[in-house]
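> Pasting in a structure now, in structure tokens, and then I'll have a few things to ask.
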Amino acid sequence: MIELKCSSDHKALLTDMIPFQGESKKRTDQDIDELSTTLKEDGLLQPLSMWHAPDEKLYILDGHGRLAALTKLALSDPSILQQEFPINLVIAQTHEEAIKACLQMMSQCGKINKAGVVKFAQPVINYKAPIVTKAMITPVHIKKDEASSDKVIVKMRVDKSKVSELISILSKVTGVEVCL
């Protein structure tokens, strides 16, 4: 079972939910694995948005990733298939209105500010939500060492407060020379 940390007056079984957006959004297996992990550890925090179509079927407008992750989790925990999940019903009279609603929900009207995410997540810095771990990854630049054919130069950007810790870790690795 998945812990439900959201509620709604409407609920539905996974088996009643039909994907709607087709190939509009690409998700990797890693994306679904990350979402599965957060659902297992933190529960479902947001209802799926559905359109109750004139054909009486429930189409997912927002929540395709959650559906894929929940379906994957159901392979090892079949009780998830019997669980009713909270849904938000979106009112659309026609297929075209439902497409517009889906497109609006898929819209990303801003970009993630990595530094802002890291600062915001500071109180829960050990929390491993995908957005936090991706925001904390710092670019590493590697180039061939002109003076030696069997060595490379690695350039990293590190917070000042972490330099001594990083040097301590790297100094234990044989063959690594740290230059500041």
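> Of all DSSP beta bridges in the chain, what percent run antiparallel (nearest 5)?
65 percent
> How many nm is it between the label spots at Asp29 and Glu165, if each spot is 7 Å from the Cα in line with the beta carbon?
Roughly 3.3 nm, to one decimal.
> Each residue of segment 52-61 in order: what ³J(HN,Hα) in whole Hz does its phi give by Karplus 6.51 cos²θ - 1.76 cosθ + 1.60, θ = phi - 60°, with x for Gly and Pro?
Calculated HN-Hα couplings, in order: 8, 6, x, 7, 6, 8, 9, 9, 7, 9 Hz.
> Give the long-range amide H neighbours of His10: residues separated by 5 or more places, or on another chain, with amide H under 5 Å away, using H modelled in the peptide plane at 1.01 Å from N.
Amide H to amide H, under 5 Å and 5 or more residues apart or across chains, His10 pairs with Ile87.
> Same structure again: Go ahead and estimate [θ] at 222 nm for the chain from helices alone: -39,500 (n - 2.57) per DSSP H run with n ≥ 4, summed, over the residue count, rounded to 500.
Calculated mean residue ellipticity at 222 nm is -10000 deg cm²/dmol.
> Please work out the FRET efficiency for the pair Ala53 and Ser79, using the Cβ-Cβ distance as r and a Förster radius of 41 Å; give the result to the nearest 0.05.
E(calc), rounded to 0.05, equals 0.90.
> Give me a comma-separated list of calculated 3J(HN,Hα) values for segment 159-170, in order, Karplus coefficients 6.51, -1.76, 1.60 applied at θ = phi - 60°, integers in Hz, x for any Gly or Pro.
Residue by residue, segment 159-170 yields 4, 3, 5, 10, 4, 5, 5, 5, 4, 4, 5, 5 Hz.
> Can you give the extra length, in nm with one decimal, that the chain gains between Phe120 and Thr94 once fully stretched, where that is 0.36 nm per residue apart less the Cα-Cα distance?
Extending this stretch completely gives an extra 5.3 nm.
> In nm, what is the difference between 0.36 nm times the number of residues separating Val173 and Cys109 and their Cα-Cα distance?
18.6 nm
> How long are the three semi-axes of the equivalent ellipsoid for segment 10-106, computed from the Cα gyration tensor as the root of 5 times each eigenvalue, in whole Å, largest first?
23, 15, 11
> Oh, and also: In this model, which of Lys40/Lys111; Lys40/Lys162; Lys5/Lys26; Lys5/Lys111; Lys26/Lys100; Lys5/Lys57 are farther than 23 Å apart at the alpha-carbon?
Beyond 23 Å between Cα atoms: Lys40/Lys111; Lys40/Lys162; Lys5/Lys26; Lys5/Lys111; Lys5/Lys57.
> Taking the convex hull of the Cα atoms, report for the chain its projected area averaged over all directions, in nm².
So the mean shadow area of the Cα hull is 15.3 nm².
All of the numbers you see were taken from the coordinates with simple rules; none came from a lab. Keep in mind the model is a prediction, meaning the values are calculated, not measured. As a convention, Cβ positions derive from the backbone with ideal geometry for all residues, glycine included, and neighbour counts pool all protein chains shown.
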